[in-house]
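What follows is a set of notes on a single structure, which appears directly below.
Quick note: the coordinates plus some simple rules give every number you see, no bench work behind them. These figures come from a predicted structure and were not determined experimentally. Here the Cβ positions follow ideal geometry from the backbone for every residue, glycine too, while neighbour counts run over all protein chains shown.
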Amino acid sequence: MKRTYGGATSGVGAWYGWESDGEAGVGRMEITESSPPSTIMIHLDFVEPFATHNIGAFTLDLQATPRMSPGRCRVQAPILQRS
């Protein structure tokens, strides 16, 4: 798998891209909003094997104990919307 990184070195504008001949396909994820220490918003784009564009939110719970889930991911619509 080929990985590329670009944009800002951290926070809003930082992105990660990948290209794979396997099941991972081709895609890119970019941080679009960051409210430390609790929320990160991303744009998640898949190009291959089919195109889809999603928005995701990671909300972190800093009060969680090691036995609890330290965070959750909520994907906002559209989910698997093909272009």
Item to check | Charge context of D21, other residues only, Cβ under 12 angstrom, K/R +1, D/E -1 | outcome: -2
Item to check | Computed FRET value (nearest 0.05) for M1 with I55, which takes r as the C-beta separation and R₀ as 22 Å | outcome: 0.40
